[in-house]
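The structure appears right after this line, and notes come after that.
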C-alpha cells in the first residue's frame with residue numbers, strides 16, 4: 001500500500017469515528033477542550049490567533065471565536081488563494097463570516113483585510129488525525145502544511161482533537177508539518193522536540 005493509500009484509508013476510518021460522536025457530546029467535549037486551551041500560556045499572545053471556522057464534525061471553535069471577539073483579541077482565519085495556497089484574513093465580527101466557493105466559512109470578500117503572517121503568534125491547526133509526536137494527517141490539500149512551512153514557521157501550533165483522532169502512528173511525508181501541542185477531551189500533550 002502506498003503512503004497516499006495509507007493516508008486515504010486512515011482519513012476514512014477516523015472521519016467515520018469522528019462522525020460517530022453524537023452532536024451534543026461533540027459540543028460538550030469541544031467546550032471542555034476550549035476551557036483547557038484558555039488555561040495554556042501560549043494562548044495568551046498579543047499577536048493574532050489564526051484559527052478556522054469548524055466543520056460540523058470537528059471540534060467546535062465557535063465559542064472560542066465569540067469569546068475572542070468579545071474580549072477584542074486579534075483573530076485571523078484562512079482564505080483560500082488557489083490550489084494548496086491560503087492567506088490569513090482578519091475576523092473582526094462574526095457577521096463577517098460567509099461561505100466561499102470552496103464551501104468554507106471565511107471573511108466576505110468585501111471585508112477582507114490581509115494579516116501579515118509575521119503578526120501571527122498562534123495557529124490552531126485542524127486535522128483528521130494526530131500522533132503524540134505531533135504528526136498530523138490533514139484533508140490532503142496541503143494548505144496548512146504550506147502555510148505553516150512557508151508563511152508562519154515562527155508561530156506556535158496547537159491542535160484540538162477528539163480522543164478518537166489520536167493515533168499511535170501517522171503516515172507522513174517530508175512536506176508534512178507537525179504541531180507543538182495537542183489538546184483532547186482527556187489530556188494535553190506537549191510534543192517533545194527532536
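Read the figures in this text as sums done on the coordinates, not as results from a lab. Nothing here was measured: the structure is a model prediction, and the numbers come from that model.
Distance between Cα centroids, the stretch 151-194 to the stretch 46-114: provide it in whole Å. One Cα centre to the other: 21 Å. Kirkwood radius for the stretch 87-140, taken over all pairs of different Cα atoms as the inverse mean of 1/r, rounds to 13.3 Å.
Could you give the Stokes-Einstein D for the stretch 3-190 in µm² per second, using the C-alpha Kirkwood radius, 37 °C, 0.692 mPa s?
For the chosen part, D equals 196 µm²/s.
Each Cα pair under 8 Å and six or more residues apart adds its sequence gap; the mean of these over the residue count of the stretch 3-190 is a relative contact order of 22 percent.
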